[in-house]
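The values are calculated or read from the model by the stated rules, or taken from the named source; none is laboratory data. A quick note: this is a predicted structure, and the numbers were derived from the prediction, not measured. All Cβ positions, even for glycine, are placed from backbone atoms using ideal geometry, and neighbour counts span all protein chains on display.
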Ligand SMILES: [Zn+2]
């Protein structure tokens, strides 16, 4: 089909085969930069200069983005083939899901009609006491209800139990600060947000006057919810998101909101107690349901029904949504081409269906064996590190070693795949598919209530370029998507692989011992297993990192938040230390000399360059500002420089002098 020229079309409308990504890229290095002054500039300078951000991206990272694009392309090939000629029932299911998404003609034809039932439910709201019923109807039908989040999770103090949990929600902007902080940047965004909401209501058929009034109501309610919300930084502390209530006491907290109706509507099984993550939020919701007139609530819910489906609506809605949430908020110049949007949507909705076939093509059994070896080398290095820590007493060391010994490793993909039986997919009904998938996911989540924990379940889909540590399960998880070049390349020397996937493994392991993870014991329960003296020493060391990263700037006038990013920074620093120790052991065993060179670099230099080149990136300023508020990870520049300047082996590897920026006289070290 011929594409009409469009000013908003992305550069890569048509799928193109991905290039392979080098694990060690000499051409990325800026040899004119001094590694001892700014190592990120040295390792990445040329790459950063020569790789501008494609118009459909907000951040362009040498490793993460390129690999994500590669994995997405390979996934698209599968989806496209299945959509045209499905050979198995599974292929039919995900092929039809993709086909419904890619069919924009049908999306245009249907207009807002797929949202009619949800919009009618909102229109029928007559009484603030019925908001609970409305939330239940919306969540129960996959619309989904915006006001709060309800689901099942492990009890933080008895990780063998799966219990009901309810927590704050209800916002459209990326963080509570966007509603609250009074500076020109946020004031401008708030103004444009209200204009955007007004336009969306107008597109939905309201008069400009009505739309403006409705948008004002949305802003008022969301601002009140933002003020009642706990900050991301505070939520990192387990004691700030763990409050066990009986259902009766929880109901007393918000007497005007009938939770029993909500629980019935979403079809959750019986429970007597639940974790109310953010009690103050629910008190505030109660006050709001009593104080705000019903028309404002209708505007609020009407907005969320439209906004929640905006990317799956006709072009006029899609474009207006992109203009604000893509361009204004994130600085993105053009939307992702439809094939990318639909591939990612299918991965999110049917991840373990598509993933089963994806790993057959992209993750050979040998890769799993190699990873097992690497993980074992890293575990040993972390164990040795704990044994030799000068600031930790024997009692705490014993508990830390016990926790490390209990780590479980999940590599590549689930041993047992989830079933999507019962999820109806209709080739001609995109929004219906998304809603049925949301209901299916919620029912799957709610089915965990009261059951034993299934340690074989995964929280990420196989093609995902990421990894995670779960404190409640005390396990580290590496999807097949990240176990590829440039993170892991069998043809490379160990130094480069340890700087890539080795640091990633070390990072996830260190999460078990960062400021948050260290509050959970070997069984995944929140319990203080530290002696008070050792904990004091630990806090001293993490405070050093908080202050250090607070000082790193990501955009004019915007610095990292040292407390929000503390866990990730600790994991970055620890990962770099222990992967280096693991590399030294492997080199000793394999007889690799520390002075041997490849392409003019010693193993230590190749290790650090390999690590630095994981983080080469260009980011749009709006996105850099947003991430500083919302992302617990530091930016690539500081993930690199922050970590190497805290590690004296780096300065030694590059012949730096004490006192130079990358080899300061005093530095921070936790693990
Ligand atoms: Zn992390």
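Where in region 610-664 are the helices (runs of 4 or more DSSP H), entirely inside, with at least 2 residues that are under 17 Å from residue 60 (Cβ atoms)? Walk me through it before giving the result.
Numbers: elements: 621-630, 636-645, 648-653.
In region 610-664, 621-630, 636-645 are the helices (runs of 4 or more DSSP H) which contain 2 or more residues that are under 17 Å from residue 60 (Cβ atoms).
Within region 468-490, identify whether any single residue is over 22 Å from the mean Cα position of the chain (by Cα) and surrounded by fewer than 22 Cβ atoms within 10 Å (Cβ to Cβ), and answer yes or no. Break it down into steps so the answer makes sense when it comes.
Within region 468-490, the subset over 22 Å from the mean Cα position of the chain (by Cα) is 489-490.
If we keep only those that are surrounded by fewer than 22 Cβ atoms within 10 Å (Cβ to Cβ) too, we end up with 489-490.
The answer is yes, given that some residue of region 468-490 is over 22 Å from the mean Cα position of the chain (by Cα) and surrounded by fewer than 22 Cβ atoms within 10 Å (Cβ to Cβ).
Could you grab me the full set of residues in region 22-38 that are surrounded by 21 or more Cβ atoms within 10 Å (Cβ to Cβ) and in a loop (DSSP other than H, G, I, E, B)? So that I can check it myself, show each step before the final result.
Quick first cut of region 22-38, residues surrounded by 21 or more Cβ atoms within 10 Å (Cβ to Cβ) only: 23-24, 28-29, 35.
Correct list: 23, 24, 29, 35.
Within region 514-536, take every residue that is within 12 Å of the ligand (Cβ to nearest atom) and assigned to a loop (DSSP other than H, G, I, E, B) and give me the one that is nearest to residue 639 (Cα to Cα).
By that ranking, first place goes to 514.
When region 252-266 is examined, which residues are found to be surrounded by fewer than 15 Cβ atoms within 10 Å (Cβ to Cβ) and under 20 Å from residue 151 (Cβ atoms)? Explain how you work it out, then say what you get.
Pass one, region 252-266, residues surrounded by fewer than 15 Cβ atoms within 10 Å (Cβ to Cβ): 252, 255, 260, 264.
Once the filter is applied, which keeps residues that are surrounded by fewer than 15 Cβ atoms within 10 Å (Cβ to Cβ) and under 20 Å from residue 151 (Cβ atoms), region 252-266 yields 260, 264.
Quick one: which of 491, 472 is out of contact with any helix residue (DSSP H, G or I) (no Cβ under 8 Å at 6 or more places or on another chain), at pLDDT below 95 and part of a loop (DSSP other than H, G, I, E, B)?
Working: 472 fails: at pLDDT below 95.
Every option except 491 fails the conditions.
Restricting attention to region 171-200, report how many residues are in a helix (DSSP H, G or I) and over 24 Å from the mean Cα position of the chain (by Cα). Spell out the reasoning first.
In the first step, residues of region 171-200 are kept if they are in a helix (DSSP H, G or I); the result is 177-180, 184-200.
Subset that is over 24 Å from the mean Cα position of the chain (by Cα): 184-185, 187-188, 190-192, 194-200.
Residues flagged as in a helix (DSSP H, G or I) and over 24 Å from the mean Cα position of the chain (by Cα) within region 171-200 amount to 14.
What number of residues within region 500-553 satisfy the criterion of being in contact with a helix residue (DSSP H, G or I) (Cβ under 8 Å, 6 or more places away or on another chain) and within 23 Å of residue 381 (Cβ to Cβ)?
Matching residues across region 500-553 total 28.
Return yes when residue 578 is buried (at least 19 other Cβ atoms within 10 Å of the Cβ), within 16 Å of the ligand (Cβ to nearest atom), over 21 Å from residue 669 (Cα atoms) and at pLDDT 95 or above and no when it is not. Show your work before the answer.
Numbers: buried (at least 19 other Cβ atoms within 10 Å of the Cβ): yes; within 16 Å of the ligand (Cβ to nearest atom): yes; over 21 Å from residue 669 (Cα atoms): no; at pLDDT 95 or above: yes.
The answer is no for residue 578.
Please enumerate the residues belonging to region 451-469 that are in a loop (DSSP other than H, G, I, E, B), touching a helix residue (DSSP H, G or I) at 6+ places or on another chain (Cβ under 7 Å) and within 16 Å of the ligand (Cβ to nearest atom).
Filtering region 451-469 for residues in a loop (DSSP other than H, G, I, E, B) gives 451-467.
In the following step, the residues that additionally are touching a helix residue (DSSP H, G or I) at 6+ places or on another chain (Cβ under 7 Å) were identified as 461-467.
Scanning region 451-469 gives 464, 465, 466, 467.
Tell me whether region 552-562 contains one or more residues that are within 24 Å of the chain's Cα centre (by Cα), part of a helix (DSSP H, G or I) and within 16 Å of the ligand (Cβ to nearest atom). Please lay out each step first, then the result.
In the first step, residues of region 552-562 are kept if they are within 24 Å of the chain's Cα centre (by Cα); the result is 552-555, 558-562.
In the following step, the residues that additionally are part of a helix (DSSP H, G or I) were identified as none.
Looking for residues that are within 24 Å of the chain's Cα centre (by Cα), part of a helix (DSSP H, G or I) and within 16 Å of the ligand (Cβ to nearest atom), one finds none in region 552-562, hence no.
Only one residue in 473, 443 is in contact (Cβ under 8 Å) with a residue 12 or more places away in the chain and more than 16 Å from the ligand (Cβ to nearest atom), so which one is that? Explain how you work it out, then say what you get.
Details: 473 fails: more than 16 Å from the ligand (Cβ to nearest atom).
Only one candidate qualifies: 443.
Could you tell me how many of the residues in region 610-643 are in contact with a helix residue (DSSP H, G or I) (Cβ under 9 Å, 6 or more places away or on another chain) and within 16 Å of the ligand (Cβ to nearest atom)?
Of all residues in region 610-643, those in contact with a helix residue (DSSP H, G or I) (Cβ under 9 Å, 6 or more places away or on another chain) come to 610-620, 622-623, 625-626, 629-643.
Now drop any that are not within 16 Å of the ligand (Cβ to nearest atom), which leaves 611, 614-615, 630-636, 638-640, 642-643.
The qualifying residues number 15.
Here are 233, 198, 273: which of them is under 22 Å from residue 155 (Cα atoms) and touching a helix residue (DSSP H, G or I) at 6+ places or on another chain (Cβ under 8 Å)? Walk me through it before giving the result.
Working: 233 fails: touching a helix residue (DSSP H, G or I) at 6+ places or on another chain (Cβ under 8 Å); 198 fails: under 22 Å from residue 155 (Cα atoms).
Residue meeting the stated conditions: 273.
Failed condition for residue 329, given (1) under 22 Å from the mean Cα position of the chain (by Cα); (2) surrounded by 17 or more Cβ atoms within 10 Å (Cβ to Cβ); (3) within 26 Å of residue 77 (Cα to Cα), with all others met?
For residue 329, the failing item is (3).
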